[in-house]
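Participant: Have a look at this one before I ask anything.
The values are calculated or read from the model by the stated rules, or taken from the named source; none is laboratory data. Note that the structure is predicted; figures quoted are calculated from it, not measured. When we count neighbours, we look across all protein chains shown, and the Cβ atoms used for this are built from the backbone with ideal geometry, even at glycine.
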Ligand SMILES: [Zn+2]
């Protein structure tokens, strides 16, 4: 996905650009290319961005550490303010810091990067508990076992000792 030069967007038809995409996004572990549509409109002092996108993302299960795939569909929208920078040109490093601090602000003379934006939107949509389809109860203790465990815990030191003794 090419980045969009904001001054060109201001001159585009309806001041809007629509991108259809089907591609892999950098840093996003997906099984297949991310598919969807993104629309960015220039509204004078801000950009209006909206998209619908679909990806099959490879997660690592928090419980069993196996990889699994999950389909994510997102329909994000965001307003990104366009703010003039100081007339003096900033050093590239300073620009980078500024961008980090003000993620939702871009220079009116700058570029909008659809791939980066989409990547961030997918990250925001990640489930907080990443678990595979639930067949990974190996590490989990059933409630019966749990009550046993709580009783037996007092003896665990003894058990450990017993294990060390020859039969
Ligand atoms: Zn799992």
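Participant: Given the structure, is residue 8 more than 20 Å from the chain's Cα centre (by Cα), surrounded by 13 or more Cβ atoms within 10 Å (Cβ to Cβ) and modelled with pLDDT of 95 or more?
Facilitator: no
Participant: Filter the range 1-25 for residues that are outside any strand (DSSP E or B) and closer than 13 Å to residue 55 by Cβ and give the result.
Facilitator: Result: 24, 25.
Participant: Another question about this same structure. Residue by residue through the range 13-45, note down the ones that are surrounded by 15 or more Cβ atoms within 10 Å (Cβ to Cβ) and over 22 Å from residue 122 (Cα atoms).
Facilitator: Those that are surrounded by 15 or more Cβ atoms within 10 Å (Cβ to Cβ) and over 22 Å from residue 122 (Cα atoms): 15, 42.
Participant: Out of everything in the range 43-66 that is without any contact (Cβ under 8 Å) to a residue 40 or more places away in the chain and assigned to a strand (DSSP E or B), what residue ends up being nearest to the ligand (Cβ to nearest atom)?
Facilitator: Looking at the filtered set, the residue picked out is 58.
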